[in-house]
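Here's the structure we're looking at; comments come further down.
Read-outs: derived from the displayed coordinates by stated rules, not from any lab. Remember, it's a predicted structure, so these values are computed and weren't measured experimentally. When we count neighbours, we look across all protein chains shown, and the Cβ atoms used for this are built from the backbone with ideal geometry, even at glycine.
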Amino acid sequence: MTVTSRRKPPSPEASEGVPSRIRELVADLNRHLRLYHVEDAPLISDSEYDRRFRELEELERQHPEWVLPDSPTRRVGAPPAEGFTTVEHLRPMLSLDNVMDAEGMQGFDERIRRMLDREDPVAFHGEPKLDGASLELVYQGGALSVAATRGDGREGEDVTANARQILSVPLELTGAPETLSVYGEVLLPIKAFERLNRNRGERGQELFVNPRNAAAGSLRQLHDVDVERLRSLEFRAYAVGVGLPDGVATQREVMAFLAELGFVTSPESRVCASVAEAIAYHEELGAKRSDLPVEIDGSVFKVDSLAIQRDLGMLSRSPRWAIAFKFPAHQEHTVVEDIFTSVGRTGALTPVAKLRPVFVGGVTVSNASLHNQDEVDRKDVRVGDTVVIQRAGDVIPQVVSVVLDLRPKRTKRWVLPSHCPVCGTEAVRPEGEAVTRCPNPACPAKLRNRLLHIAGRGALDVDGLGEKLVEQLLDQGLVETPPDLFALTRESLLGLERMGEKSADNLIAALDKARDTTLPRFLIALGIPEVGAGVAELLATRFGDLEPLMAADAETLTAIEGVGPIIAEKVASHFADESVRSEIERFRSQGVRWPVSEPRDPSAEPEGRLAGHGFVLTGTLPGLSRSEAKARIEAAGGKVISAVSKKTSFVIAGESAGSKLRKAEELGVRVLDLEGLLALLAGELPLEEEEAAEEADAPS
Ligand code: IVH
């Protein structure tokens, strides 16, 4: 890639004699392209953009002489933004042509077979269409030299410094050709996206519309770069531009080549022997979509044979041998019937739009959070407005924007009520904060939502304790503070309406199970502002137990890598609160407990015999709880991870172990049962390298 200057805009004469509708569409589409790609803040839905784009395409098709030089149909992305150095791509970065349904897919297959003059089915490589920001990585002599965004396809922005922070971008490759360019997608996993927006919301910053915009925005940070955000990005590779070795003959082998070099590729990919199989693959992928950790917006089919790909060749913007088969739109229009205020577990008053029910992204949406007053003001959402609603994968539905053209007369700006709608206490919004809160510690809405939070999967995970049951427990006065949950008895539960013996027993058993928790889970259950799973894990590792953490001042907390001054201050002041301390005492006296570990610097490389070894736990280990097993492995320096890969050292398989055990066997990862684990921890079972050393030492 070469560094170039910015390109000149098209000359004004070029548009002379072109009808105004075309000029209007070109200007309008270019503006929306910029908002989307450069500012990461789209104003209209993707489907509305596509509609206007198709109108322009049709006009240009009828009158090719009217195609303006800056028409968006002539390019594949948006020009690079000011502020980044531009780099020219080694080869133009292409886009993909789209189809929306099985018919379109069949049309694509027929076109290909017609061009090849072939009746036999063509095999396709099916892949998820990753919904992120595309990126080219160029390696020289095995070292990463440049990372560039797509930009306009010809030249993109040099984002090398930021890309180097992404953990799945390899910085050095072994066995790579002298020059190698790899294409792929930068993604923000959905969980990380939700966390990012939650934090931004709490700080009064503008929210990202979807994981794609958040990924693009993170990759293109120019000032005060937030390294944590970059680390939460993921790079998945899907193509090679330059440097493919000779023997590689299919797209499937391209993916294997990339994986061998250490790139992450989509595990959901596979070869489809015919178009019928491709359509089935697309449907399967659609059914799995909401379970995937990253956002996808369709499937991509590439002719598997690279020789056939070469025969088919390229169009100006896209290859003839590949197609994107998109899922139905995840954005729809609907009407805001009302805006009401909900009160959360921290007392935060959240405006919520009550919507005319609309089917979007596979579910019917009738409510969408508007987050806070600033967000309502920014979007100026009013009762009666028509809005663009978006729901992506698992992501909570969002109001993207208001369709101002459709606003009825005499609407009013919306403002939060001055008093808590549940208990009537006057609400407060501290200076400089985005959130307005109900300050009443006894507000019933707070208690209800705290109980639901505590019962949640990330916190104490009380199976079966849902909204209805919580309401009943509160109505009957069985629970007045969160620790009361653990004082519930079978008898007291049986007094509730519609509570059978079996349900009562189940809840008691679930509470028993939840009592045995881990320190990070307990910290999450406490609902300390700014403390999510990542920070809870850091705090637990650094202090090992709750008492030393409670005694730590903000300065000690800030010294932990990954804990900034804002978080430190929130944690310290939370534990300084007498009512928090007495609540913790009551949780403990109700038997809530966790394994204690040796305090350790979370950023230091772990020490111990198992350092550098990854463990995956699967199935139940008789007599050893999962959290206990994790604590003991970590105490010996090992790391407990969730997914099995070639790099995993051990899979610990208990009773009824499932797919992770199969995967371990497939990959040849060492499998141990409980006894094996205990022997390993006791130093009675040698590690592989110790075995090798012993063999080397042994006299032959
Ligand atoms: S291949 C030569 N494969 O979709 C073809 N692209 O709409 C280059 N995308 O610019 C692209 N998932 O950013 C390819 N599995 C996948 C993809 C993928 C997502 C993106 C990519 C491309 C855009 C086209």
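Hey, which aspartates and glutamates would be in cross-link range of Lys468, C-alpha to C-alpha under 20 Å, not counting anything within fewer than 8 residues on its own chain?
Leaving aside aspartates and glutamates fewer than 8 places away in the same chain, those within reach of Lys468 are Glu480, Asp484, Glu491, Glu497, Glu501, Asp505.
Please give the contour-minus-distance gain from Thr489 to Glu501: 0.36 nm per residue of separation, less the Cα-Cα distance, rounded to one decimal in nm.
The span from Thr489 to Glu501 would gain 3.1 nm if fully extended.
Show me, for segment 663-673, the HN-Hα J-couplings you get by feeding each phi into the Karplus relation (A = 6.51, B = -1.76, C = 1.60, θ = phi - 60°), rounded to Hz, glycine and proline as x.
4, 4, 5, 4, 8, x, 7, 5, 10, 10, 9
When Lys647, Lys570 are ordered from fewest to most other Cβ atoms inside 10 Å of their Cβ, what list results?
Lys647, Lys570
Holding the Cα-Cα limit at 28 Å, pick out from Lys502/Lys639; Lys354/Lys502; Lys513/Lys630; Lys129/Lys354 the pairs that are longer than that.
Lys502/Lys639; Lys354/Lys502; Lys129/Lys354
Which far-off residues, 5 or more places away or on another chain, put their amide H under 5 Å from the one on Val264, with H placed in the peptide plane?
Ala237
Output ³J(HN,Hα) for segment 308-319: one whole-Hz value per residue in order, computed from phi by the Karplus curve 6.51 cos²θ - 1.76 cosθ + 1.60 with θ = phi - 60°, and x for Gly and Pro.
5, 4, 4, 4, 6, x, 10, 9, 5, 9, 8, x
At a 10 Å Cβ-Cβ cut-off, how would you order Asp131, Asp224, fewest neighbours first?
Asp224, Asp131
Share of antiparallel DSSP beta bridges in the chain, in percent to the nearest 5?
Rounded to the nearest five, the antiparallel share is 80 percent.
Please work out the C-alpha center-to-center distance from segment 629-677 to segment 393-471 and express it in whole Å.
41
At 0.36 nm per residue, minus the direct Cα-Cα distance, what do His419 and Gln476 gain on full extension? Give it in nm, one decimal, please.
Length gained between His419 and Gln476: 17.9 nm.
Under a point spin-label approximation (7 Å from Cα along Cα-to-Cβ), what is the Glu206-Arg457 distance to one decimal in nm?
Between Glu206 and Arg457, the label points sit 3.3 nm apart.
Whole-Hz Karplus ³J(HN,Hα) for segment 556-563, in order, using 6.51 cos²θ - 1.76 cosθ + 1.60 and θ = phi - 60°, x for Gly and Pro?
Couplings: 4, 5, 5, 5, 7, 5, x, 10 Hz.
Cβ neighbours within 10 Å, averaged per peptide: list 142-151, 465-474 in order, most packed at the top.
Result, highest mean Cβ count within 10 Å first: 142-151, 465-474.
Based on other C-beta atoms within 10 Å, arrange Lys409, Lys191 from fewest to most.
Going from least to most buried by this count: Lys409, Lys191.
With runs of 4+ DSSP H residues as the only contributors, calculate the mean residue ellipticity of the chain at 222 nm using -39,500 (n - 2.57) per run, divided by the residue total and rounded to the nearest 500.
-10500 deg cm²/dmol
Amide H neighbours of Val99 under 5 Å, at least 5 residues apart or on other chains, H built in the peptide plane: list them.
Under 5 Å from the amide H of Val99 lie the amide H atoms of Ala324, Phe325, Lys326, each far enough along the sequence or on another chain.
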